[in-house]
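Comments concern the structure below.
The values are calculated or read from the model by the stated rules, or taken from the named source; none is laboratory data. Not measured: the values here are computed from a predicted model. Virtual Cβ from ideal backbone geometry, glycine too; neighbours counted across all protein chains shown. Remember, those area values only see protein heavy atoms, side chains included, never the ligands or the DNA or RNA. Shrake-Rupley method; radii C 1.70, N 1.55, O 1.52, S 1.80 Å.
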Amino acid sequence: MKLFPYAHATHPQWRMAAALVLAQLRAQMALPHHADAPSLALLYITDHYAADAQDILGHLSAELPEVTDWAGTVGIGVAANNVEYFDEPAMAVMLCDLSPDQYRVFSGVAPLVASGADASGFVPHTALVHAEGRTPDLAELIAEVADRTASGYVFGGLTASRGASAQFALSSAGTMGGQGAASGVFQGGLSGVAFGTDVGLVSRVTQGAQPVDQERTITAADGNLVLRLDDQPALDLLLERFQLSLDDLSGTVARLRTTLVGLSDPLDVPPHRSPEPVALRVSGQFGADVRVRHIIGLDTARRGIAIAENAPAGTRMAFCERHVQAARADLTRVCAEVREELEPEERSLSLATALAASDTEATPHPARRIAGAVYVSCSGRGGPHFGSPSAELQIVRRALGDVPLVGFFAGGEIAHHRVYGYTAVLTVFTMPA
């Protein structure tokens, strides 16, 4: 495996952006240590280009005939190493140097089959998943895809667009019988790439919210209406914790617009299969098992709180808020964890010099053992949340090092077997030691 060529560009006209991307890719494919004939491409575009998704895929695939498989989607923004294009016309592409027998592109016309059921003998170990957020029973479908992998772990995000949405899924393996030829561009449902057991991956979830109250147990609920927390009326606890009153309804509603809840599975429910243990909580921080959800209403008659997820009795819940410094610290932490896990403990002088190069001189280096990376972040994060343009991706660059990286800003992030919110999911493709 060699370093993955990657490229990114912005321009009001997609053809100009594509020309810039292609020039970058071809230049990198000629460099030492970089893949010169990769067969799988990941393509992310902002919603400014969404209406031209089919033309973009057709143009890029014609210009890169060695690439036979494509996957990707649309986001409010796209990401690359050290830069993000947020709310502007842009695209990012990464060419993955993977053996064709170690991945499968899937979609509605070429679904991912259960582990061991592929006629070719391919065994999906994990998968990159792109999904349309308005798809019915989405949570169940994502869990079903996870169950079809050997690890039970999937990662990715939900398409984010203010207009047309699109997913890219063009497979050299073809489609189901009777489906005809596929265009490679889809709307709705799920698509993505499944990876085999020989593809090394390290994936981490980084949180963007911080608890502002103790964790409690939901002891009574009705669908998405939390009625009692620790056997006390949920609404009363909420009002008391934040010193709010229903007599001042406008002030209470304004305060609750910035208040979220963090949910965790009951302690007696075994965790879903995962390649890594559920992160332990550090004091004042959420672990990777927590899903952040909005408060969407109050039920004064039943003294309950409506949240944006069905949470059965036994679910653990804590009130929380988005927190910039906590998000920055947690992002730095997960990047450092990945880097320390992969880089050698002892380095030669030449290696140390290459890895410590200045920002202007730094280039991806195989000694980091990161061939490429995919970064999916919440569309509510990015520069606007972290304080300056590209601030989030600059944190990743400083903490992880100079590595090939692409991604997008999503309407929800996928990790393990569920959808998260206000998080980011970093996944790196590892090179052999």
- Message: Per residue, how much accessible surface does the chain expose to a 1.4 Å probe? Answer in Å², no decimals.
- Response: 41
- Query: When the helix-only estimate is applied to the chain (DSSP H runs of n ≥ 4, each -39,500 (n - 2.57), divided by the residue count), what is the mean residue ellipticity at 222 nm, nearest 500 deg cm²/dmol?
  - Reply: -6500 deg cm²/dmol
- Message: Quick check: net charge around TYR49, other residues with Cβ under 12 Å of its Cβ, Lys/Arg +1 and Asp/Glu -1?
- Response: -3
- Interchain or sequence-distant (5+) residues whose placed amide H lies within less than 5 Å of the amide H of GLY297 are ALA306
- Query: For labels at ALA23 and ASP248 in the simple 7 Å Cα→Cβ model, what's the distance in nm?
  - Reply: 5.8
- Task: Rank these by accessible area, largest first, 1.4 Å probe: TYR153, TYR422.
- Result: TYR422, TYR153
- Quick one: Karplus J couplings for the range 307-314, per residue in order, coefficients 6.51, -1.76, 1.60, θ = phi - 60°, nearest Hz, x for Gly and Pro? 10, 8, 6, 6, 10, x, 4, x
- Between ALA371 and residues 5 or more places away or on another chain, the pairs with built amide H atoms under 5 Å apart involve PHE429, THR430, MET431
- Output the DSSP H helices from the chain with an along-axis C-alpha extent of no less than 18 Å and a mean Kyte-Doolittle hydropathy no less than 0.0. 14-29
- Express in Å², to the nearest 10, the accessible area of ARG398 obtained by rolling a 1.4 Å probe over the protein heavy atoms while all chains stay in place. 150
- Query: Roughly what would the spin-label model give for ALA329 and ASP231, points 7 Å off Cα along C-beta, in nm?
  - Reply: 3.5
- About its Cα centre, what dipole magnitude does the range 1-99 give when the only charges are +1 on Lys and Arg Cβ and -1 on Asp and Glu Cβ, stated in debye to the nearest 20? 240
- Item | For the range 404-420, 3J(HN,Hα) per residue [Karplus equation, 6.51 cos²θ - 1.76 cosθ + 1.60, θ = phi - 60°, Hz, x = Gly/Pro] | x, 8, 9, x, 8, 9, 9, x, x, 10, 10, 7, 6, 9, 8, 9, 10
- Across the range 195-205, in residue order, what do the Karplus-derived ³J(HN,Hα) couplings come to in whole Hz, using 6.51 cos²θ - 1.76 cosθ + 1.60 with θ = phi - 60° and x for Gly and Pro? 10, x, 5, 7, 8, x, 9, 10, 10, 9, 9
- Task: Taking only Cα atoms and a 10 Å spring cutoff, compute GNM fluctuations for the chain and point out the largest among ALA318, ALA92, ALA127.
- Result: ALA318
- Query: To the nearest 20 debye, what is the magnitude of the charge dipole of the chain about its Cα centre, counting +1 on the Cβ of each Lys and Arg and -1 on the Cβ of each Asp and Glu?
  - Reply: 340
- Non-local residues with an amide H under 5 Å from the amide H of GLU84, with H modelled 1.01 Å from N and Pro and chain starts lacking one, are SER390
- Message: If you roll a 1.4 angstrom probe over the protein chains with everything in place, what fraction of the accessible area of the chain belongs to carbon and sulfur, to the nearest %?
- Response: 52
